[in-house]
1. Could you work out the relative contact order of the stretch 24-82? I mean the mean sequence separation of Cα pairs under 8 Å and 6+ apart, divided by the number of residues, in percent.
2. Under the classification rounded if a/c is under 1.5, otherwise prolate if a/b is larger than b/c and oblate if not, where does the stretch 27-82 fall, given a ≥ b ≥ c as square roots of the Cα gyration tensor eigenvalues?
3. In nm, to one decimal, how far is the residue 43 label point from the residue 25 one, both placed 7 Å along Cα→Cβ?
4. Give, in nm to one decimal, the length gained when the segment between residue 3 and residue 67 is fully stretched (0.36 nm per residue of separation minus the Cα-Cα distance).
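Just so you know, all these numbers are worked out from the coordinates, no wet-lab data involved. Everything numeric here is computed off the predicted structure, so don't read it as measured data. Neighbour counts are summed over all protein chains in view; Cβ atoms, including those assigned to glycine, are modelled from backbone coordinates with ideal geometry.
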C-alpha cells in the first residue's frame with residue numbers, strides 16, 4: 001500500500017487507450033463512467049498523464065460521443081496544422097453543434113493523413 005501512497009505514477013498515451021478499452025469491453029462501463037474516471041486521474045497529484053491537455057480534450061470529445069481512440073489521436077495530431085486549417089477551410093457554422101464540429105475536424109485530419117501517405 002505504501003507503494004501507491006509514496007510514489008508518483010506515469011500513465012502513457014498507450015496506457016490511456018488501454019484503460020478506456022478495458023473499462024468499456026471487459027467491465028462494460030459506460031462512456032460517461034469512463035470519462036469520469038479519467039477526469040479523476042487528471043485531478044490526482046500523484047498521477048501524471050502523458051499529454052494531459054490533449055487527454056482533457058479527448059475526454060470532452062468522448063463525452064460528446066466520439067470514439068475515444070479516434071479523439072485521442074486527433075487531440076495529439078499536429079495542432080499547428082489544425083489551427084491553420086480551422087481558420088481557413090473548416091470554419092464550422094454557428095448552427096453546427098459540437099459533435100458536428102468535431103466531425104469536421106476529424107474528417108479534415110483523416111483527409112490530410114491520406115494526403116501525407118501518398
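1. 26 percent
2. Since a/c reaches 1.5 but b/c is at least a/b, the shape of the stretch 27-82 is classed as oblate.
3. Taking the simple label geometry, residue 43 and residue 25 are separated by 2.9 nm.
4. Stretched fully, the residue 3-residue 67 segment lengthens by 19.7 nm.
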